[in-house]
Each structure stands twice: as structure tokens, then as C-alpha cells.
Amino acid sequence: MGVITGGTQVNFVPDQCAIEIDRRLLPGERVEEVLAVYETLLGELRQQYPGLDVFMEAPMLTDEAWRRRKARMWCRSHPACWRNWG
């Protein structure tokens, strides 16, 4: 899980709830397939609870491999890293 927020104070029933999750892809998984699973779950909630306003915002996707490659490329061009990269 990640972060769950909602309500304005302890003794009020919240009028909304937001859930943020950090879901990493496993090797071989595709973003579209994972997002489809969550959309299916939300669809089931909509059917089970008519009038429920539930939605998923576009996720913030990053390419960790690209980020690491970029960091390595920077390091190769920086004098402090020359001894490590040869």
C-alpha cells in the first residue's frame, strides 16, 4: 500500500477517500495489462455499489533502467568517476 487520505477530522464521516499505491512491474509484465486489472477491480466496485464515484488517475510512470543508464552516462563524463570507469 502507500498512502490513504480522507476526511477533515476524526469525528466526521469522510466524504471522500484517496488511495495511492506504489506498484512495481515484475519482469515480463506490461503496463497496459497491470492497469487493466485495476480498471477491472474498479468496474466491479461500481457494479457492487451503484452511485460510487471511483476512478483511477493516470499513473506516473518512470523507466528505472533509463534513469540508471542516464546516471551512468553522466558519471562517465565526470572526472570523479574516471578512475571507476577506466
Förster radius 35 Å - calculated FRET efficiency between Asn11 and Phe55 (Cβ-Cβ, nearest 0.05): 0.80
Global form of the range 3-61, assessed from the alpha-carbon gyration tensor, a/c cut-off 1.5: oblate
Relative contact order of the range 3-61, defined on C-alpha pairs under 8 angstrom at six or more residues apart (%): 19
Extended-chain gain in nm, criterion 0.36 nm per residue less alpha-carbon gap, Ala18 and Ala36: 4.5 nm
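Taken together, the values in this text are just the output of simple stated rules run on the coordinates, not laboratory data. Nothing here was measured: the structure is a model prediction, and the numbers come from that model. Cβ atoms come from the backbone with ideal geometry, glycine included; neighbour counts cover every protein chain shown.
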